[in-house]
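Below is one structure, written out as structure tokens; the observations come after it.
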Amino acid sequence: MVSQLVKENIDFLQKLARTKSQGKVRRLLRLANSQHLLTLAEICLNIVKSRFNLSTRQKKRLLPYVDFVRRMSRARSERGARKILNQKGSGFGGGVFAALITPILIELARSFTINSKT
């Protein structure tokens, strides 16, 4: 199940997932507010705790970023999340957000279609 925080910040997540340019990704993250950063931390936590059903392909896409996902899942504040995102040399690139956010967007689409049918 997707939390209310993720639902409230779906526009930011979609924009982040669609962006291909490294510069634009950095700009989006630099301008992100606390809710956006905590949403990313919550998504990472849900992935670490296996609360999302990831396909084999999605798992393979996330494999290079496993350390980033684990560290980001431990962030409990805006400051902690921002520190992890801004850290140099962590090996995280723009591809992490597409790989990270895609399962959540799929889950949201499912929940919206289920809710609209009832």
Quickly run through segment 20-64 and pick out the residues that are buried (at least 17 other Cβ atoms within 10 Å of the Cβ) and in contact (Cβ under 8 Å) with a residue 60 or more places away in the chain. Val25, Leu40, Ile43
Take Leu108 and tell me if it is in contact with a helix residue (DSSP H, G or I) (Cβ under 7 Å, 6 or more places away or on another chain), modelled with pLDDT under 85, in a helix (DSSP H, G or I) and not hydroxyl-bearing (Ser, Thr, Tyr). yes
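Quick check on segment 43-78: of everything there that is among the aliphatic types (A, V, I, L, M) and outside any helix (DSSP H, G or I), which residue is farthest from Val6 (Cα to Cα)? Step through it out loud before you land on a result.
The initial filter retains those residues of segment 43-78 that are among the aliphatic types (A, V, I, L, M), namely 43, 45, 47-48, 54, 62-63, 66, 69, 72, 75.
Add one more test, that the residue is outside any helix (DSSP H, G or I), and what stays is 54, 75.
Numbers: Leu54: 17, Ala75: 16 Å.
Across segment 43-78, the extreme among qualifying residues is Leu54.
Looking at segment 1-42, what helices (runs of 4 or more DSSP H) fall wholly within it and have at least 1 residues that are within 11 Å of Phe97 (Cα to Cα) and either in contact with a Ser or Thr (Cβ under 9 Å, 6 or more places away or on another chain) or at pLDDT below 90 (or both)? So that I can check it myself, show each step before the final result.
Values: elements: 4-8, 10-18, 22-30.
Once the helices (runs of 4 or more DSSP H) in segment 1-42 are filtered for at least 1 residues that are within 11 Å of Phe97 (Cα to Cα) and either in contact with a Ser or Thr (Cβ under 9 Å, 6 or more places away or on another chain) or at pLDDT below 90 (or both), what remains is 10-18, 22-30.
Search segment 27-59 for residues being in contact with a helix residue (DSSP H, G or I) (Cβ under 9 Å, 6 or more places away or on another chain) and of a type in the set (Lys, Arg), and hand back the single one that is nearest to Ile84 (Cα to Cα).
First pass over segment 27-59, keeping only residues in contact with a helix residue (DSSP H, G or I) (Cβ under 9 Å, 6 or more places away or on another chain): 28-30, 32-49, 51-55, 58.
The next check asks that each one be of a type in the set (Lys, Arg); those that pass are 30, 49, 51.
Values: Arg30: 12, Lys49: 19, Arg51: 22 Å.
Among residues in segment 27-59 that are in contact with a helix residue (DSSP H, G or I) (Cβ under 9 Å, 6 or more places away or on another chain) and of a type in the set (Lys, Arg), the one nearest to Ile84 (Cα to Cα) is Arg30.
The values are calculated or read from the model by the stated rules, or taken from the named source; none is laboratory data. Computed from a prediction, not measured in an experiment: that's the story for all the values here. Ideal geometry is used to build each Cβ from the backbone, glycine not excepted, and the neighbour counts take in all protein chains shown.
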